[in-house]
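Beneath this line is the structure, given in structure tokens, with notes to follow.
The values are calculated or read from the model by the stated rules, or taken from the named source; none is laboratory data. These figures come from a predicted structure and were not determined experimentally. Methodologically, a virtual Cβ is constructed for each residue, glycine included, from the backbone with ideal geometry; neighbour enumeration extends over all protein chains shown. Keep in mind that these areas ignore ligands, DNA and RNA; they rest on the heavy atoms of the full protein, side chains included. Shrake-Rupley method; radii C 1.70, N 1.55, O 1.52, S 1.80 Å.
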Amino acid sequence: MTSSHFISKKHLGSNLYTFTFEIPWYDMQFQAGEFIELKIEHPNPDERGDKRWFTVSNVWTDVRLEITTRYFGDKSSTFKKALFNLKKGDLVHFSEPMGDFVLPKDKKLRLLFVAGGIGITPYMAILKYMEVNNDIRSAKLIWKLNSLEDRFEIPKAPKEVEQLVITDNDLFKPEYLLEQFKRFKADRIYISGPEPMVKILNDGLLKLGLPKRVINTDYFPGYIN
Ligand SMILES: Cc1cc2nc3c(=O)[nH]c(=O)nc-3n(C[C@H](O)[C@H](O)[C@H](O)COP(=O)(O)OP(=O)(O)OC[C@H]3O[C@@H](n4cnc5c(N)ncnc54)[C@H](O)[C@@H]3O)c2cc1C
């Protein structure tokens with residue numbers, strides 16, 4: 001793991017925060033959509049320990065590293081409390097960035113991005129990457145929230161990326177996503193969010209006959225919804 005220092009945190013609304021750190025790898029261009037493991041040493045960690053995986057929610061050209069997460073106050077793990085209480089200059093440790101929840105090389109592929117709540121984090125990086133690099137692709141983002149109060153501002157997307165926010169639990173089913181996939185004439189569907197939600201959607205889409213090779217998933221364990 002590589003050492004870094006905490007810089008600041010920003011409240012995005014509801015129980016959502018972005019935490020900013022010094023970029024730990026000066027010689028490495030991480031890809032939008034990749035994740036890291038963050039270690040924060042703290043006294044008496046609970047059974048979940050002092051490390052967590054987080055998607056990097058910004059892009060490497062920012063020359064800093066950001067993660068975005070939910071904070072449940074007193075109900076939080078010792079890790080999240082340690083994260084929330086970091087002071088400017090405090091030492092943390094990062095693994096190298098990794099993962100395949102990244103844009104495909106073929107720019108002609110039409111992409112349907114699906115986020116459940118906090119599962120928006122990889123798209124924060126991906127949309128920003130597309131905008132900053134003028135990386136033009138046909139994509140549509142569907143962001144499912146429990147309530148509109150959970151909505152927060154995400155990086156500006158290129159005008160080609162259509163965005164839809166939904167809050168209807170009854171609608172947000174594999175059948176709906178398959179219909180969206182067909183209507184958008186998508187080549188790939190990306191699904192990111194709390195583990196139980198992503199599992200239901202992925203299994204449902206496979207049952208409905210969508211080939212495994214067109215589905216890319218990013219599971220966030222530790223969240224109920
Ligand atoms: C590849 C990968 C990428 C990830 N990226 C991210 C990311 O970008 N952002 C992110 O936040 N997490 C991400 N995660 C998940 C992250 O690693 C943690 O598991 C998650 O944030 C939960 O943290 P925690 O265990 O410290 O629990 P806390 O968040 O502190 O939760 C504490 C308690 O709250 C309860 N709780 C959970 N969900 C709810 C809810 N909806 N309402 C009320 N209470 C609830 C739980 O029972 C839990 O015991 C990622 C995981 C992986 C594997």
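Given axes a ≥ b ≥ c from the Cα gyration tensor, I'd like to know whether the range 49-192 is rounded (a/c under 1.5), prolate (a/b larger than b/c) or oblate. Before the final figure, lay out the partial values.
Numbers: a/c = 2.23, a/b = 1.43, b/c = 1.56.
Oblate shape, in that a/c is at least 1.5 and b/c is the bigger or equal ratio.
Site pair Lys212 and Asn169 shows an inter-label distance of 3.1 nm when each label is modelled 7 Å from Cα along Cα→Cβ. Taking label positions 7 Å along the Cα-Cβ direction at both Asp203 and Ser8, the computed distance is 4.4 nm, reported to one decimal.
If I compute solvent accessible area with a 1.4 Å probe over the protein chains, what percent of it on the chain is carbon and sulfur? Roughly 50 percent of what the probe reaches on the chain is carbon or sulfur. In the assembled protein chains, Val165 presents an accessible area of approximately 40 Å² (probe radius 1.4 Å). Residues of the range 1-45 falling in the label zone of Ser147, defined by backbone nitrogen less than 17 Å from a point 7 Å along Cα to beta-carbon, are 12-17. Label positions at Ile136 and Glu37, each projected 7 Å from the Cα along the C-beta direction, are separated by 4.2 nm. Calculation over all alpha carbon pairs of the range 111-220 in 5 angstrom steps from 0 returns a P(r) of 2, 12, 25, 26, 21, 11, 4, 0 percent. Using the Karplus relation 6.51 cos²θ - 1.76 cosθ + 1.60 with θ = phi - 60°, the per-residue 3J(HN,Hα) values for the range 62-68 come to 5, 6, 7, 10, 10, 10, 10 Hz, with x marking Gly and Pro. Given Cα pairs under 8 Å that are at least 6 residues apart, what percent is the relative contact order of the chain? With pairs under 8 Å counted, the relative contact order is 20 percent. Straightening the chain between Glu162 and Lys185 buys 6.9 nm, computed as 0.36 nm per residue apart minus the Cα-Cα spacing.
Show Trp60, Trp143, Trp53 ordered by accessible area, largest first, where the area counts protein heavy atoms only and the probe is 1.4 Å.
Details: Trp60 90, Trp143 10, Trp53 135 Å².
Accessible-area ranking of Trp60, Trp143, Trp53, largest first: Trp53, Trp60, Trp143.
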